[in-house]
Amino acid sequence: MHWKKALIYGSLAAGAALFLSGRRSAGVAVAGIGVATLVAENPERFEELWKRMPEYVDKGGRLMDLAANFLERLAEHRASYRSIGSRF
């Protein structure tokens, strides 16, 4: 079973390295091998993850909304500080 863990971790690491080096399609393909092996090893965990996916997507969407609102407020405050600084 150790060879499966080596295959999973090695392909995920190699996929990440390829993806970051600009060879995105090769990186996704190599990482896909690791993910497929991981799913084959733990099908019940991935079934649970698949069932909870809408919840995770919803939480991710709310997090993105919060980040966008924060950045918008930051830009507004930055503009107001610039206008105050230009008065002097």
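The values are calculated or read from the model by the stated rules, or taken from the named source; none is laboratory data. A quick note: this is a predicted structure, and the numbers were derived from the prediction, not measured. Counting neighbours? That spans all protein chains shown, and the Cβs are built from the backbone with ideal geometry, glycine included.
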Quiz item: Mind checking whether some residue in the stretch 1-21 is among the basic types (Lys, Arg) and either surrounded by 12 or more Cβ atoms within 10 Å (Cβ to Cβ) or touching a residue at least 60 places away in the same chain (Cβ under 8 Å) (or both)?
Solution: yes
Quiz item: Which members of the stretch 41-73 meet the condition of being at pLDDT below 90 and either touching an Asp or Glu at 6+ places or on another chain (Cβ under 6 Å) or of a type in the set (A, V, I, L, M, F, W, C) (or both)?
Solution: Phe46, Leu49, Trp50
Exercise. Run down Val35, Val30 and say which single residue is in contact (Cβ under 8 Å) with a residue 12 or more places away in the chain, of a type in the set (A, V, I, L, M), touching a helix residue (DSSP H, G or I) at 6+ places or on another chain (Cβ under 6 Å) and part of a helix (DSSP H, G or I).
Key: Val30
